[in-house]
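Here is the structure we will look at, set down as structure tokens.
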Amino acid sequence: MIDSKPLKLHLGCGQQYMQGYLNIDYPPEDHVGYTPTADRYEDITQLKFDNNSVDEIRLHHVFEHFNRVTALVLLVKWHNWLKLDGVLVIETPDFMKSVEQIMSGIDYTQKMAIVRHLEGDQTAFWGIHIGQWWNERFENTLSRLGFSILKIEHTQWDRWPYLSNVTVTSTKLADRSLEQQIEQCQILLKDSTVAVGENRTYKIWCEQLKQRLL
């Protein structure tokens with residue numbers, strides 16, 4: 001008998017166990033100060049699933065922990081795993097809204113709380129926020145990699161320090177070849193260069209990307 005139950009992944013679940021999802025996180029010994037509640041304990045950057053086998057992938061305050069190359073590698077993999085019309089949900093700190101708050105005349109204590117929100121708690125080796133995301137970056141990145149944006153939500157805590165987050169819900173439009181995805185990733189990586197003299201750095205990023213995808 002074939003199990004027709006949807007395969008939904010909750011990656012980097014921490015203590016937020018979601019019913020109906022396969023909850024995955026680092027093993028307990030890799031966490032500081034709390035024990036995650038997961039179905040599987042693994043490094044989510046090393047996961048493998050069959051192409052077109054997953055119905056939904058969800059991450060809440062996890063994606064910002066990845067550097068620019070790793071983020072793109074994961075998006076390509078997740079796109080491959082998802083079925084057509086499969087859903088990807090990503091929530092991160094909202095970089096632009098956070099900057100607006102910092103520039104709005106709030107006091108130093110609140111500014112530092114927002115900076116902490118952007119930088120991560122840094123208690124474990126993985127607890128550093130590396131990537132900064134906001135709606136425009138999500139839109140450009142996801143659209144280039146074959147996702148269609150369904151909804152973008154901006155939320156803010158209703159209590160001090162009023163932290164800002166952005167949640168993007170997108171869906172897979174069609175299958176893409178790995179060559180097509182690598183080409184789009186290279187265009188996206190070019191956006192992170194700041195001068196012509198960074199061509200060597202850009203080539204290193206592209207080589208790192210290919211090594212992890214090919």
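Karplus-derived 3J(HN,Hα) values for the stretch 117-125, using 6.51 cos²θ - 1.76 cosθ + 1.60 with θ = phi - 60°, are 4, 7, 9, x, 7, 6, 7, 10, 4 Hz; glycine and proline are entered as x.
Here is the P(r) of the chain: all C-alpha pair distances, binned every 10 Å from 0, give 8, 30, 37, 20, 4, 0, 0 in whole percents.
Take every DSSP beta bridge whose two residues both sit in the chain; close to 50 percent of them are antiparallel. Of the residues Ser177, Tyr162, Ile152, the one whose Cα sits farthest towards the positive end of the charge dipole of the chain is Ser177 (charges of +1 on Lys and Arg Cβ, -1 on Asp and Glu Cβ, taken about the Cα centre). A helix-only calculation puts the chain at -10500 deg cm²/dmol for mean residue ellipticity at 222 nm, using -39500 (n - 2.57) for each DSSP H run of at least four residues, averaged over all residues. A cut-off of 5 Å between modelled amide H atoms, ignoring neighbours fewer than 5 places along the same chain, links Val62 with Glu91. What residue among Asn140, Gln208, Ile106 has its Cα farthest toward the positive end of the dipole of the stretch 77-214, where the charges are +1 on Lys, Arg and -1 on Asp, Glu, each on the Cβ? Going by the Cα projections, it comes out as Gln208. Straight-line cross-link reach from Lys111 at under 16 Å between alpha-carbon atoms covers these lysines, not counting any fewer than eight positions away in the same chain: Lys97.
Spacing of the modelled spin labels on Met112 and Gln132, each 7 Å from Cα toward Cβ, amounts to 2.0 nm. The charge dipole of the chain, taken about its Cα centre with unit charges on the Cβ of Lys, Arg, Asp and Glu (plus for the first two, minus for the last two), comes to roughly 420 debye.
Relative protection proxy for 84-94, 158-168, 121-131, 99-109, from highest mean packing down: 84-94, 158-168, 121-131, 99-109 (other beta-carbon atoms within 10 angstrom).
3J(HN,Hα) along the stretch 195-201, derived from phi through the Karplus expression 6.51 cos²θ - 1.76 cosθ + 1.60 where θ = phi - 60°, amounts to 6, 4, x, 8, 4, 5, 4 Hz, with x in place of Gly and Pro.
Taking the accessible area of the chain, probe 1.4 Å, and keeping the other protein chains in place, the carbon and sulfur fraction comes to 50%.
Residues in the chain average 54 Å² of solvent-accessible surface per residue, probe 1.4 Å, ligands and nucleic acids excluded. For Asp175 and Asn199, what is the calculated FRET efficiency with R₀ set at 30 Å and r taken between the beta-carbons, to the nearest 0.05? With R0 = 30 Å, the Cβ-Cβ based efficiency is 0.40.
I'd like the trypsin sites (Lys or Arg not before Pro) in the stretch 43-81 restricted to DSSP loop residues with at most 15 other Cβ atoms within 10 Å, sorted by number. Qualifying residues, ordered by number: Lys48.
The values are calculated or read from the model by the stated rules, or taken from the named source; none is laboratory data. Computed from a predicted model, the values in this text were never measured in an experiment. For neighbour counting, all protein chains shown are included, and Cβ atoms are generated from backbone atoms with ideal geometry for every residue, glycine included. These area figures cover heavy atoms from the full protein model, side chains too; ligands, DNA and RNA do not enter into them. Shrake-Rupley method; radii C 1.70, N 1.55, O 1.52, S 1.80 Å.
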